[in-house]
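Undergrad: The structure follows.
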Amino acid sequence: MALFDSLPAEVSIYEVSPRDGLQNEAAQVATHSKVRLIEALLESGLRRVEIASFVSPKWIPQLADGEQVARLIGEREGAAFSALCPNGRGLERAIAAGMKEVAVFISASETHNQKNVNKSIDETLRAFDEVIEPAIEAGLRVRGYVSTLWGCPYEGEVDPRAGLRIADILLERGCYQISLGDTIGVGTPLQTKRILELFLASIPADKLALHLHDTRGTALANVIVGLEMGIRTYDASVGGLGGCPYAPGAAGNLATEDLVYTLEGMGIRTGVDLEKLWRAGQIAEAIVGRELPGKVHRAGVRSLSG
Ligand code: HMG
Ligand code: MG
């Protein structure tokens, strides 16, 4: 099959900037600024947004106001909001705040998992007893993340079969989708092809998403591989905000503007208005008070003069 023979007509973007983006900022962002950013993201046409984290505020103080953010955003026609949730306490908080979807997260490598949630991989899977099934029983949808699949900041190379074992367990327990994480942005295209071949041998493409940090500028190249291999959901973060405080060296996610620019340029619908998204990126930059790295964010939408 030739390159680009099987491109999809549309792709779903799962926006993570209010969570993955803001969890990594040194400065505390005010609740009303978070709400303003989420409103601007929705205004651009994004429909799936991870708005908060119900993790320990001691571990991630930046997102301690998850309840307020979720309540102020409320429900919106056609939009689906999610939030990270590591344990039963997180689920209680998410339900009380009116969330209809939560996301569990776990790493394919033991050391990152231990540093991130203070538990081994198997202990983390057991902790999900308090989250996945109870959430589904309460009528919520549950997404799963498998992190460090392309590489671990502590262990280096990771065997993707360790991640596949976890993904199989999360799907069997009821997660509707597994987002495969290149947490520190080390992935290259051939590696992505090999990881996806392994996962797609037993998991349907519509149950998988890619969550690619863009630390080394390879995220978009890996998206192209994903598109070719049937993946239709991509996580992204406006302006390229993001990182994981427990993954040293992790830069931001793939910038949503770069993803939308590339997909729309290839004739793939995203439902997002790039100009409005660019404006949301300006808001993100203003509220974090530092320059964001996204390429389209910096180049602008209209100017093609380079
Ligand atoms: P712990 O300290 O081992 O747990 O943390 P604990 O159960 O002993 O609890 C410690 C304290 O936190 C207690 O309070 C609990 O009540 C409280 P104290 O008695 O000391 O006053 N607590 C909570 N409070 C509010 N909400 C909760 C909650 N749970 C406990 N849900 C824990 C274990 C998992 C809680 C902790 O390690 C944690 O919160 N870790 C989160 C780390 C994190 O959010 N990392 C970033 C997100 S992951 C990521 O970015 C990767 C991703 O983007 C994908 C990718 O890029 O690959 C998703
Ligand atoms: Mg991430």
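The values are calculated or read from the model by the stated rules, or taken from the named source; none is laboratory data. In this text the structure is predicted, and so the values were computed from the model without any measurement. Every residue, glycine among them, receives a Cβ derived from its backbone with ideal geometry; neighbour counts consider all protein chains shown. The area values use the complete protein model at the heavy-atom level, side chains included, leaving out ligands, DNA and RNA. Shrake-Rupley method; radii C 1.70, N 1.55, O 1.52, S 1.80 Å.
Undergrad: Select from 202, 169, 68 the residue farthest towards the positive end of the dipole of the chain; place +1 on Cβ of Lys and Arg, -1 on Cβ of Asp and Glu, and compute about the Cα centre.
TA: 68
Undergrad: Taking the highest mean first, how do the peptides 210-222, 68-80 order by number of other beta carbon atoms within 10 angstrom per residue? Mind dumping the intermediate values first?
TA: Numbers: 210-222: 22.5, 68-80: 14.3.
The peptides rank, most packed first, as 210-222, 68-80.
Undergrad: Give me the extension gain from residue 295 to residue 275: residue separation times 0.36 nm, minus the current Cα-Cα distance, reported in nm with one decimal. Intermediate results must be reported in sequence, preceding the final value.
TA: Numbers: separation 20, 0.36 × 20 = 7.20 nm, distance 1.40 nm.
Residue separation times 0.36 nm, minus the Cα-Cα distance, leaves 5.8 nm.
Undergrad: Calculate the spin-label point distance for residue 6 paired with residue 56, positioning each point 7 Å from the Cα along the beta-carbon direction, and give it in nanometres.
TA: Each label point is offset 7 Å from its Cα along the Cβ direction, giving 4.5 nm.
Undergrad: Using the heavy atoms of the protein chains and a 1.4 angstrom probe, tell me the accessible area per residue for the chain in square angstrom.
TA: For the chain, the solvent-accessible area averages 41 Å² per residue.
Undergrad: Determine the shape class of the chain: with a ≥ b ≥ c the square roots of the Cα gyration tensor eigenvalues, call it rounded for a/c under 1.5, and otherwise prolate if a/b is greater than b/c, oblate otherwise.
TA: It is rounded, given that a/c, with a ≥ b ≥ c, falls under 1.5.
Undergrad: Sticking with this structure for a sec: Would you mind calculating the relative contact order of segment 242-306 from Cα pairs under 8 angstrom and at least 6 residues apart, reporting the percent as a whole number?
TA: On the way: 43 pairs, mean separation 19.8, N = 65.
The normalised contact order for segment 242-306 reaches 31 percent.
Undergrad: Looking at the chain, send over the antiparallel percent of its DSSP beta bridges, to the nearest 5.
TA: Given both bridge residues lie in the chain, the antiparallel proportion sits at roughly 5 percent.
Undergrad: Holding the Cα-Cα limit at 29 Å, pick out from 100/295; 34/100; 115/276 the pairs that are longer than that. Don't skip to the answer; put the middle values down first.
TA: On the way: 100/295 33 Å; 34/100 19 Å; 115/276 37 Å.
Going by Cα-Cα distance, 100/295; 115/276 fall outside the 29 Å limit.
Undergrad: Continuing with the same structure: With a 1.4 Å probe and every protein chain kept in, tell me what percent of the accessible surface of segment 164-306 is carbon plus sulfur.
TA: On the way: 3050 of 5680 Å².
Using a 1.4 Å probe with all protein chains present, segment 164-306 comes out at 54 percent carbon and sulfur.
Undergrad: Roughly how many nanometres apart are two label points built 7 Å out from the Cα toward the Cβ at residue 26 and residue 168?
TA: Taking the simple label geometry, residue 26 and residue 168 are separated by 4.5 nm.
Undergrad: Using label points projected 7 Å from each Cα along Cα→Cβ, tell me how many nm separate residue 92 and residue 205, to one decimal.
TA: 4.3
Undergrad: Next question, about the same structure. Taking θ as phi - 60°, what are the ³J(HN,Hα) couplings along segment 210-222 by the Karplus curve (6.51, -1.76, 1.60), each to the nearest whole Hz, with x for Gly and Pro?
TA: For segment 210-222, the Karplus-derived couplings read 10, 10, 10, 6, 10, 3, 10, x, 9, 4, 5, 4, 6 Hz, x marking Gly and Pro.
Undergrad: Assuming R0 = 45 Å, can you tell me the calculated FRET efficiency for the pair residue 157 and residue 137, based on Cβ-Cβ distance, to the nearest 0.05? Write down the numbers at each step before the final one.
TA: Working: r = 38 Å, r/R0 = 0.85.
Here the calculated transfer efficiency is 0.70.
Undergrad: Computing the accessible area with a 1.4 Å probe over protein heavy atoms, can you report the carbon and sulfur percentage for segment 1-63?
TA: The C+S portion of the solvent-accessible surface of segment 1-63 is 54 percent.
Undergrad: Could you work out [θ]222 nm for the chain from helices alone, using -39500 (n - 2.57) per DSSP H run of at least four and dividing by all its residues? Round to the nearest 500 deg cm²/dmol.
TA: The per-residue figure over the chain is -11000 deg cm²/dmol.
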